[in-house]
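See below for the structure under consideration.
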Amino acid sequence: MQGQDGERDRHGVRNGGDRSPGTSVGAPDGASAEASTGAPAEVPAGAPDGTSAGAPAEVPDPEPRRGRPRSAAAERAILDAVIALLEAGEPLAGLSIERIARTAGVGKATIYRRWPDKEELFVDVVRDMEPDDPPVSGTEGLADLRVMLESLRTRGLAQRSSALLHNIFAQMKSHPKLWNEYHGTVIAPRRLAMVEAVRRAVAAGELRDDLDVELIDDLFVGPMLVRTVHRPDAPLPDDLADRIITALLQGLAPAARV
């Protein structure tokens, strides 16, 4: 996600620490936007370098500033505020930036510097609640594909074990703008990564090269999605990813009779 102050590091936010009760989190974010004038400091007459007030001293250009340093504590407080409101029974559609800011103990500007709208904020809340995407090599084929299939399984388990997360997904699907934001920034990149892993597997001779790679990807992902999404009561054993891969590699035709 990219807000007005640049791309955020979700893991930095996650590890930024919790806000102490009753502590304002606006301070770590620096002075408020309204209080900051941005006016350059005047050079006083008789400065140590001998320059006059009318001729400011030449100094080396500083490193270009990339906006105010972000506060991990403020971001953590904002995400926690949304989660707390949802846990209290507030629907996604009923949450306002004003309510979230008040609950988090920050100003609205602090939220808008990070998320330009509620949809992007809510997507980050969901990503914060889900298990992290696992690292993959980016060079392997089937090995990376297995890691990503396993990630699908663990996310399915997380939704089953968290009534709140399950409820959020149900609400997201009834809000097209929010669901499209989640699909475009979370689901689509995950699917692209899996398709690229299939391409590497094909190039390495691990999979057939006479089939459409997107069809191959669907054959791998489909069974896991059926188990995690369409059959919420179906078992999700630890070896499910391996079983799916093995079944597809061996094929479904019966063994030839001798």
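Which residues, taken from the range 128-183, are in a helix (DSSP H, G or I), more than 27 Å from I245 (Cα to Cα) and not aliphatic (A, V, I, L, M)?
Selection gives D128, H166, N167, F169, Q171, P176, K177, W179, N180, E181, Y182.
Is it the case that some residue within the range 95-112 is at pLDDT 50 or above, over 22 Å from N180 (Cα atoms) and surrounded by fewer than 12 Cβ atoms within 10 Å (Cβ to Cβ)?
yes
Within the set of pairs 6 or more residues apart or between chains, which connect a residue that is over 14 Å from Y112 (Cα atoms) and charged (D, E, K, R) inside the range 67-90 to a residue that is modelled with pLDDT under 95 and surrounded by 17 or more Cβ atoms within 10 Å (Cβ to Cβ) with Cβ atoms less than 7 Å apart?
Taking only residues 6 or more apart or on different chains, the pairs are R76/V13; R76/G16; R76/R19.
Could you tell me which residue of the range 127-142 is most open to solvent (accessible area, probe 1.4 Å), considering only residues that are in contact with a Ser or Thr (Cβ under 7 Å, 6 or more places away or on another chain) and farther than 20 Å from V82 by Cα?
Residue satisfying both the conditions and the ranking: D133.
So, in the range 70-94, exactly how many residues are under 18 Å from E130 (Cβ atoms) and buried (at least 19 other Cβ atoms within 10 Å of the Cβ)?
Final tally of qualifying residues: 7.
Going through the range 237-258 one residue at a time, which ones are surrounded by 10 or more Cβ atoms within 10 Å (Cβ to Cβ), over 24 Å from the mean Cα position of the chain (by Cα) and among the aliphatic types (A, V, I, L, M)?
L240, I244, I245, A247, L248, L249
I need the full set of residues from the range 179-235 which are in contact with a Lys or Arg (Cβ under 7 Å, 6 or more places away or on another chain) and not hydrophobic (A, V, I, L, M, F, W, C), in order please.
Passing the criteria: T228, P232.
The values are calculated or read from the model by the stated rules, or taken from the named source; none is laboratory data. Predicted model only: the values in this text are computed from it and were never measured. With ideal geometry, Cβ positions are generated from the backbone for all residues, glycine too; neighbour counts draw on all protein chains shown. These accessible areas exclude ligands, DNA and RNA; they are computed on the full protein's heavy atoms, side chains included. Shrake-Rupley method; radii C 1.70, N 1.55, O 1.52, S 1.80 Å.
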